[in-house]
Amino acid sequence: MKTTKILFISVLLLVFGVKLQAQKTAKVAEADIKTSAQCGECVDRITKGLTYEKGILAVNLDLKTNILNVRYKTRKTNKENIQKAVVAMGYDADDMMANKEAHDSLPGCCQKDGEACGDPAHKQDENEDDDDEDE
């Protein structure tokens, strides 16, 4: 009887120990998503918007390539959910088209084929591209 209790307690400790260890080592993945971002305002809007999404660990949007790189917990979200969040903000995400109402409510410089951007960082990027052509 005493051996049975010890064996039972050992099995319980082993099972709970494995469960606790599994919770500590959450799987992390990375996704690259092509967006329709136009300027620094777009970067801010997408970055801030994604920080409120469950499971997002890090967000980086490269304006030169329009590639959004996202690190996320696979137990909390997935690439499709992240794409849907970007689409809901008014931007394209890979092959998913932007939500029309959200897109139309973006500032003109953030809309596809919109007006010229007043963001100095965006103009600086354009000037850097011009400088590259001179070399």
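Bear in mind these aren't lab numbers, they're just calculated from the coordinates by the rules spelled out. Quantities reported herein were computed from a predicted structural model and do not represent experimental measurements. All Cβ positions, glycine included, derive from the backbone under ideal geometry; neighbour counts span all protein chains shown.
Some values worked out for this structure:
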item: Environment charge at Lys34 (Cβ cut-off 9 Å; Lys +1, Arg +1, Asp -1, Glu -1); result: -4
item: Entries in Lys73/Lys112; Lys76/Lys100; Lys54/Lys100; Lys48/Lys73; Lys27/Lys100 that, when Cα-Cα distance is taken, lie over 22 Å; result: Lys73/Lys112; Lys76/Lys100; Lys54/Lys100; Lys27/Lys100
item: Linear extension gain, Lys48 paired with Ile67, 0.36 nm per residue minus alpha-carbon span; result: 5.2 nm
item: Chain lengthening between Lys100 and Lys84 when straightened (0.36 nm per residue, less Cα-Cα); result: 4.5 nm
